[in-house]
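The block underneath contains the structure these notes are about, expressed in structure tokens.
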Amino acid sequence: METIVAISTPPGYGGIGIIRLSGKESFNIIEKIFEPKNKKNKEIEGYKMKYGKILDSNGKSIDEVLVTYFISPKSFTTENMVEINSHGGPIIVNSILELCIENGARLAEPGEFTKLAFLNGRIDLAQAEAIIDMINSKTKKEQEASMNQLEGKLSNKIKEIQTNIMQKMVDIEASIDYPEYDIEDVTRNDLKKMLEKVKGEIEELEKNFETGKLIRNGIKMAIIGKPNSGKSSLLNAILNEERAIVTEVEGTTRDVIEEFIVIEGIPIKVIDTAGIRSETEDEIEKIGIEKAKKIARNADLVVYIIDSSKKLDKEDEQILELLNDKNAIIILNKIDLKQEISEQTEKIKNINKPIVKISALKKEGIEKIYYQISKMFNLGEINIDDSVTIINERHKEVIKNAQKNIIDSVNSIDNNFPVDIIQITIKQALEELGKITGTMVSEEIINEIFKKFCLGK
Ligand code: GDP
């Protein structure tokens, strides 16, 4: 095995930069480039920091650093590891990185340290994925759900289900191997009981899918309205106050900047309607109902903003109707002006959606919108605590597949199929579940998962 090296702190300038080494040669490499202040102190002591200098091949000092040794198997990767804390400038960390490479290390691939931790059995696949999810968390709730997973809550639940299934499988094997014992009937009943139990347990996990999706993907909110109704003003009022983070999401042809706010720990993504905005001044008129429909279709929540100092026109009425079967909030804006319409206006009232009165200009009533969003999606009730909340799409797919296999197995029992047929679908369920912890997963999937990691992790 090669010894790998990477800069583990983010690119740019900072107080400290960390360079990590993992592998057999780690200690040899550091010995070649590091001179401890206490020169006599040659001994490698684990989990203690040594202060000294990094020297290049000419003996020239590069930086003053602190070096920590992690002795195999008690390290993140289970291999010998070294962490060099240097000053956090890009020239410094890169020089140290290059020195490590000159002395025999290879530049690590993204996620390679965590991949080693998984391959060497220190953590399972779900835990490894939890690490990337934790790092990439946009909200505290997402981080909490990932931490639960890192601590093994999901893995333990899956292992518990696997064990239940496996114990019964041993019984079936017996009935197949020694048919003379004729334990078929007992086996069938027992088997069905076990499968029903497993089905219930998986259902419990599935119950949290929606919560997991909310935590991970948040709520896509589109603000639509006629020109001059106050969309931009509302957007500014919301984002100026509550803007959380701006993330760049890769994977689309261009990088999309997503802006979102966080309400009760849930990200509310404001769908970028910039394209529509710039197209024309009279967007709704020009875009027409079709475009509004399209936006509404792609949103979890449509906020329709109306200038309440004007009377409703045909178009408003058409758009209002369009909201009928959507999660929608109607906003009557410009309440600081003389009002022509109100929540009592028939066409508005009839739609039966929450109505919020605001002045986007004066930033009045904005918090009432948050309250309605929270109420509509029951955000106040989302509680992660100790529960297993699955936020990872891969895990969801796997669990759904396993459940399908379990249901097929139950049906096979009900239809009196031979035990060896039932055994096939049960085995498939086991295999699916094994994909979560990584015992039954192809190298391709593993590579795919770790590719998403950042360098140095
Ligand atoms: P958009 O075309 O829907 O994005 O609307 P804008 O946000 O650009 O607002 C159109 C005009 O209405 C601007 O002159 C805003 O200052 C004004 N406006 C927006 N909200 C309010 C409000 O609550 N009260 C008043 N009096 N004017 C507002």
Self-check item: Packing rank of 188-194, 353-359, where each peptide gets the mean count of other beta carbons within 10 Å, highest leading
Solution: 353-359, 188-194
Self-check item: Positive-end residue, the chain charge dipole about Cα centroid, Cβ charges, pick of Thr211, Ile84, Asn327
Solution: Ile84
Quiz prompt | Under-5 Å amide H pairs with Lys457, H placed in peptide plane, nonlocal only | solution = Gly111, Glu112, Phe113
Quiz item: Which value, in debye to the nearest 20, describes the size of the charge dipole of the range 56-125 about its Cα centre when Lys and Arg Cβ atoms bear +1, Asp and Glu Cβ atoms bear -1, and nothing else is charged?
Solution: 200 debye
Quiz item: Given labels modelled 7 Å from the Cα in the Cβ direction, how far is it in nm from Lys42 to Asn120?
Solution: 2.6 nm
Quiz item: Amide H to amide H, which residues 5 or more places from Ala328 or on other chains are under 5 Å from it, using H placed in the peptide plane?
Solution: Val302
Self-check item: Antiparallel DSSP beta bridges within the range 302-443, percent to nearest 5
Solution: 10 percent
Quiz item: Using a simple spin-label model with points 7 Å from Cα along the Cα→Cβ vector, what separation in nm is obtained for Glu64 and Asn164?
Solution: 6.0 nm
Quiz item: At a Förster radius of 35 Å, what calculated FRET efficiency corresponds to the Cβ-Cβ distance of Glu196 and Lys326, to the nearest 0.05?
Solution: 0.40
Quiz prompt | FRET efficiency estimate (nearest 0.05) - Cβ-Cβ, Glu264 to Asn228, R0 35 angstrom | solution = 0.65
Quiz prompt | Ellipsoid semi-axes in whole angstrom, largest first, where each is sqrt(5λ) of the Cα gyration tensor of the range 1-135 | solution = 24, 17, 13
Quiz item: Once amide H atoms are placed 1.01 Å from N in the peptide plane, what residues at a sequence separation of 5 or more from Lys310, or on another chain, have their amide H within under 5 Å of its amide H?
Solution: Glu340, Ile341
Quiz item: If contacts are Cα pairs under 8 angstrom and at least 6 residues apart, what is the relative contact order of the range 86-149 in percent?
Solution: 18 percent
Practice problem: Describe numerically, in nm with one decimal, the distance between label points set 7 Å from Cα along Cα→Cβ at Glu367 and at Glu444. | Solution: 5.3 nm
Exercise. Using θ = phi - 60° and the Karplus relation 6.51 cos²θ - 1.76 cosθ + 1.60, list the HN-Hα couplings for the range 123-129 in order, rounded to whole Hz, with x at every Gly or Pro.
Key: 9, 8, 5, 4, 5, 4, 5
Quiz item: Rg to Rh ratio, the chain, alpha-carbon atoms and Kirkwood radius?
Solution: 1.10
Exercise. Pop out the ³J(HN,Hα) list for the range 432-446 in order, Karplus 6.51 cos²θ - 1.76 cosθ + 1.60 with θ = phi - 60°, rounded to Hz; leave Gly and Pro as x.
Key: 4, 4, x, 6, 6, 7, x, 6, 10, 10, 6, 4, 4, 5, 4
Exercise. Return the calculated 222 nm mean residue ellipticity for the chain, to the nearest 500 deg cm²/dmol, obtained by summing -39500 (n - 2.57) across DSSP H runs with n ≥ 4 and dividing by the residue count.
Key: -15000 deg cm²/dmol
Quiz item: Of Lys140/Lys451; Lys140/Lys294; Lys140/Lys396, which ones are farther than 26 Å apart at the Cα?
Solution: Lys140/Lys294
Quiz prompt | Dipole in debye (nearest 20) - the range 298-457, about Cα centre, beta carbon charges: Lys, Arg +1; Asp, Glu -1 | solution = 660 debye
Quiz item: Where both residues lie in the chain, what percent of DSSP beta bridges are antiparallel, nearest 5?
Solution: 65 percent
Self-check item: Assigned charges on the beta-carbon of Lys, Arg, Asp, Glu; the chain dipole about Cα centre (debye)
Solution: 1540 debye
Quiz item: Which order do Met440, Met134, Met221, Met1 take by accessible area at a 1.4 Å probe, largest first?
Solution: Met1, Met440, Met134, Met221
Self-check item: Signed unit charges on C-beta, dipole axis of the chain, positive-most listed residue Val410, Pro10, Ile366
Solution: Ile366
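The values are calculated or read from the model by the stated rules, or taken from the named source; none is laboratory data. In this text the structure is predicted, and so the values were computed from the model without any measurement. Cβ atoms come from the backbone with ideal geometry, glycine included; neighbour counts cover every protein chain shown. Surface areas here come from the heavy atoms of the whole protein model, side chains and all, with no ligands, DNA or RNA. Shrake-Rupley method; radii C 1.70, N 1.55, O 1.52, S 1.80 Å.
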